[in-house]
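Peer 1: There's a structure below that I have some questions on.
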Amino acid sequence: MEHSGSLYTDLSVYYDGFCHEVDYAAQAEFAERAFACFGHSEGRACMDLACGTGQLLAQMGARGFTLSGLDNSAEMLAATAVRCPDAELVLCDLASFSFTSRFDVITCFLYSLHYSHPVAAIRETLIRAYQALKPGGVIMFDLVDCQGITPHNDVITRLEQDGAHFTFQSGWRYSGEGEELALHVSICRDDVNDTQRWTDRHVMTATTIADVNKLMEAAGFEVTILERDFTALRQWDEQSFNVVMVGQKALADEEL
Ligand SMILES: C[S@@+](CC[C@H](N)C(=O)[O-])C[C@H]1O[C@@H](n2cnc3c(N)ncnc32)[C@H](O)[C@@H]1O
């Protein structure tokens, strides 16, 4: 049976299965090391933008960070609330948040900044993130350069769960021009009686590492670009298309 549905609303119950191969512990360890290396604020208040079901937040909490999360899906935030009962959660778009509290570290992984669409929205998100950081605080997020997107980059994972076999597939489609990057997602669930298949499509933003670097600098950040390798902090080799952007807010900057 074929269905369409949104992974982050009606299919949110499958999200953790979809991401079962994502190593959130490694991401959190990376984030903690990058914060120790580039951050100069004294606290450990962490905001995860597009926090999904809270898997990274849970790992950050285990490392002694206090937790806040933002997402525009009530269903995803409901899952975060169960996983991280002490987290402060905000239902909001990536390009329109404004917080009263300030953070030492802001994360946004699994390429979620690309959900800020179009590029003007990414600019807005970065400006707001800068305002939301304490002086000496750090933002970090992963990014794919649209020049590196090939038609054959789909990720396929499989999982046995509750007597059913799941196949999850996702991949970006980029026409080669413009700001629109399409994410195609499918979930196939087989059990002895039935096969069900859901498909979903998200509009994301196509951009380049160089352009986001400029947006970060314009927002006020001092930028470091690292390889997207969560096992190590490695300077970007200027060849690869998948990176982690790290932005520092100067210690001297006054609170707004
Ligand atoms: C690929 S998931 C990543 C979730 C989480 N960061 C993780 O690593 O598991 C993308 C998340 O972004 C959220 N999202 C998509 N567009 C958004 C927007 N414009 N504003 C806020 N959240 C958004 C979705 O609801 C979803 O939870």
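Only the coordinates and a few stated rules stand behind these numbers; no lab work does. Quick caveat, the model's predicted, so the values are computed rather than measured. Glycine gets a Cβ as well: all are built from the backbone with ideal geometry, and neighbour counts include every protein chain shown.
Peer 1: Relative to the Cα centre, what is the charge dipole magnitude of the chain, using +1 at the beta carbon of each Lys and Arg, -1 at the beta carbon of each Asp and Glu, and rounding to the nearest 20 debye?
Peer 2: Working: 17 positive and 38 negative charges, 71 e Å.
The calculated dipole for the chain is roughly 340 debye.
Peer 1: Work out the charge dipole of segment 52-188 with +1 on the Cβ of Lys and Arg and -1 on the Cβ of Asp and Glu about the Cα centre, then indicate which of Phe168, Leu183, Cys108 is farthest towards its positive end.
Peer 2: Among Phe168, Leu183, Cys108, the one farthest towards the positive end of the dipole of segment 52-188 is Cys108.
Peer 1: Report the relative contact order of the chain, percent, no decimals, based on alpha-carbon pairs under 8 angstrom and at least 6 residues apart.
Peer 2: Working: 554 pairs, mean separation 51.0, N = 256.
Contact order relative to length: 20 percent.
Peer 1: Follow-up question, since we're still on this one. Ordered by packing density, taken as the mean number of other Cβ atoms within 10 Å over each peptide's residues, highest first, how do 81-87, 14-20 rank? Working shown, then result.
Peer 2: Working: 81-87: 15.3, 14-20: 18.0.
Ranked by mean Cβ neighbours within 10 Å, highest first: 14-20, 81-87.
Peer 1: What net charge do the residues around Glu177 carry, taking every other residue with its C-beta under 15 Å from that of Glu177, with Lys and Arg at +1 and Asp and Glu at -1? List each step's numbers first, then the result.
Peer 2: On the way: positive: Arg173; negative: Asp145, Glu179, Glu180, Asp211.
Residues near Glu177 contribute -3 overall.
Peer 1: Continuing with this model, one more query. Using DSSP to define loop residues, name the GluC sites (Glu not before Pro) in segment 1-110 whose beta-carbon has at most 14 other beta-carbon atoms within 10 Å. Intermediate results must be reported in sequence, preceding the final value.
Peer 2: Working: sites: Glu2, Glu21, Glu29, Glu32, Glu42, Glu75, Glu88; in loops: Glu21, Glu42.
Of the GluC sites (Glu not before Pro), the ones in loops of segment 1-110 whose Cβ has at most 14 other Cβ atoms within 10 Å are Glu21, Glu42.
Peer 1: In debye, nearest 20: dipole of segment 147-205 around its Cα centre with unit charges on the Cβ of K, R (+) and D, E (-)?
Peer 2: Details: 5 positive and 10 negative charges, 19 e Å.
Value, rounded to 20: 100 debye.
Peer 1: Something else now. Rounding to the nearest 20 debye, state how big the charge dipole of segment 1-152 is about its Cα centre with +1 on each Lys and Arg Cβ and -1 on each Asp and Glu Cβ. Can you show the working numbers first?
Peer 2: Details: 8 positive and 18 negative charges, 111 e Å.
Value, rounded to 20: 540 debye.
Peer 1: Then there's this: Any chance you could check the Cα centroid distance between segment 1-80 and segment 214-246 for me, in angstrom?
Peer 2: About 20 Å separates the Cα centre of segment 1-80 from the one of segment 214-246.
Peer 1: Lys/Arg Cβ at +1, Asp/Glu Cβ at -1, dipole of the chain taken about the Cα centre: which of Pro135, Ser96, Gln55 is farthest positive-ward?
Peer 2: After comparing all options, I get Pro135.
Peer 1: So what's the net charge close to Asp142: Lys and Arg +1, Asp and Glu -1, counting the other residues with Cβ under 12 Å from its Cβ? All intermediate terms of the calculation are to be shown ahead of the outcome.
Peer 2: Values: positive: Arg228; negative: Asp145, Glu227, Asp229.
Taking every other residue near Asp142 into account, the sum is -2.
Peer 1: Net charge near Asp162: determine it from the other residues with C-beta under 14 Å of the C-beta of Asp162, scoring Lys and Arg +1 and Asp and Glu -1. If you can, show how the numbers build up before the last one.
Peer 2: Details: positive: Arg189; negative: Asp16, Glu160, Asp190, Asp191, Asp194.
Net charge around Asp162: -4.
Peer 1: Quote the FRET efficiency, to the nearest 0.05, computed for Ala218 versus Ser96 with a Förster distance R0 of 25 Å and r equal to the Cβ-Cβ distance. Before the final figure, lay out the partial values.
Peer 2: Working: r = 19 Å, r/R0 = 0.76.
About 0.85, to the nearest 0.05.
Peer 1: What's the extension gain from Thr195 to Asp23 if we count 0.36 nm per residue and subtract their Cα-Cα distance? Provide the component values of the computation, followed by the final result.
Peer 2: On the way: separation 172, 0.36 × 172 = 61.92 nm, distance 2.86 nm.
In short, 59.1 nm is gained.
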